[in-house]
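To start, the structure itself, in structure tokens.
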């Protein structure tokens, strides 16, 4: 899956603040994500994050998860 810095990820489950969208701050074996609702930052393993992604947005446009 092609995930880049500053992409916005829409996840399947909501954060406790009620937001589903996260901004990518770091990529690699782990992702650092920032909640766009409350600003909370979390580190999560890549495989766990990729299973939870519903949609990827790059520069405001939806991107196919498989193609990039």
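FYI, it's all coordinate maths here, none of it is from the lab. On a predicted model such as this, the values are computed, not experimentally measured, just so you know. Positions of Cβ are backbone-derived with ideal geometry, glycine not excepted, and every protein chain shown enters the neighbour counts.
Could you give the C-alpha radius of gyration of segment 8-59 expressed as a fraction of 2.2 N^0.38 Å, taking N as the number of residues it contains?
Details: Rg = 9.9 Å, N = 52, 2.2 N^0.38 = 9.9 Å.
Scaled against compact globular proteins, the figure is 1.01.
Between residue 50 and residue 10, the distance separating the two model label sites (each 7 Å from Cα on the Cα→Cβ line) works out to 2.2 nm.
Here is how the number arises for the chain: DSSP H runs of 4 or more residues each give -39500 (n - 2.57), the sum is divided by the residue count, and the result at 222 nm is -2500 deg cm²/dmol. Placing dummy labels 7 Å off each Cα toward the beta-carbon, the span from residue 43 to residue 59 is 3.1 nm.
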